[in-house]
Amino acid sequence: MLLRILTPLLPFAVLLAVWEVYCAAMGVSPLILPPPSGVIRALVLDRAEIGPHALATLWVAALGFSISVGFAFATSVALHFAPVIERAVMPLFVASQTVPLVALAPLMILWFGFGLLPKVLLVVLVTFLPVLMSLLSGYRQTPTAFADLLTSMGAGRWAVFRRAVLPSARAGFLAGLRISATYAIVATIFAEYAGARRGLGIYILAAKNNFRADLVLAAVVVSAALTLSLLGILRLAAWLTARGPEGRRDA
């Protein structure tokens, strides 16, 4: 167990050590590239300021991600029972993912103002499709023999979906959740960067304008920590909802 935890951390430790040594040996200005020790020091000293911004970002990301998952699930069920509609609307969903965030975030602010709504909408738009696609793909992995058996026993379409189709999509659904979770924090920061009153995006913008590269990198560290926290929560949820010891090992 300890080895599984330490193995992924080793490359990061090596990278940080090389980074620290390079900055010290080459005399790199902290205004351009602060060493890891400088970033950590800035994070500790400015924790009272960065903390509320991080919580604001986490709240928006969590809210938008939760809405996105619920909407994606409801949409996947509707499209599963209406494949004609799926063929009609899926190109629109895919096209929505081709719009760059740097263009979409200012438009959201322009249309909906500086409140909570534009940031949540941007998170929903960015994280919606991976969850939807993973669910639809999972539905198609249903064993045909199992579905036919339920049908032969008199089960209706909804019963077949609930007992056979939905459980088959579990693994794909969890994979889609993890992919979308990595986008949630980034999308929130983009929206805040375009216009907001509080959040890591505003914090990064202020630090950049003050030529504080250490604070910018400190915000990046916090952003990465928030993303890893979301992934950890999803992994824990997958483990808790797994059936039996074998399923929990695979979660």
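Listed values, structure above:
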| quantity | calculated |
| --- | --- |
| Boolean, residue 70 is within 30 Å of residue 157 (Cβ to Cβ), at pLDDT 90 or above and open to solvent by less than 50 Å² (accessible area, probe 1.4 Å) | yes |
| The one condition in (1) modelled with pLDDT under 85; (2) surrounded by 18 or more Cβ atoms within 10 Å (Cβ to Cβ); (3) more than 30 Å from residue 219 (Cβ to Cβ) that residue 76 fails to fulfil | (1) |
| Every residue from segment 41-65 that is open to solvent by 60 Å² or more (accessible area, probe 1.4 Å) and in contact with a helix residue (DSSP H, G or I) (Cβ under 8 Å, 6 or more places away or on another chain) | 41, 49 |
| Matching helices (runs of 4 or more DSSP H) fully within segment 1-114 where at least 3 residues are small (Gly, Ala, Ser) and touching a residue at least 24 places away in the same chain (Cβ under 8 Å) | 47-81 |
| Residue among 187, 196 that alone is under 26 Å from residue 108 (Cα atoms), hydrophobic (A, V, I, L, M, F, W, C) and not in a helix (DSSP H, G or I) | 196 |
| Residue among 189, 179, 109 that is open to solvent by less than 20 Å² (accessible area, probe 1.4 Å) and either within 30 Å of residue 219 (Cβ to Cβ) or of a type in the set (A, V, I, L, M) (or both) | 109 |
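Matching residues to (1) of a type in the set (Gly, Ala, Ser); (2) over 15 Å from residue 49 (Cβ atoms); (3) surrounded by 15 or more Cβ atoms within 10 Å (Cβ to Cβ):
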position: 174; (1), (2), (3): no, yes, yes
position: 183; (1), (2), (3): no, yes, yes
position: 198; (1), (2), (3): no, no, yes
position: 201; (1), (2), (3): yes, no, yes
position: 226; (1), (2), (3): no, yes, yes
position: 242; (1), (2), (3): yes, yes, yes
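The values are calculated or read from the model by the stated rules, or taken from the named source; none is laboratory data. Everything quoted here is computed from the prediction, not taken from an experiment. Because the Cβ atoms are built from the backbone with ideal geometry, glycine has one as well, and the counts that use them run over all protein chains shown. Side chains are part of the model used for accessible areas, which takes the heavy atoms of the whole protein and leaves out ligands, DNA and RNA. Shrake-Rupley method; radii C 1.70, N 1.55, O 1.52, S 1.80 Å.
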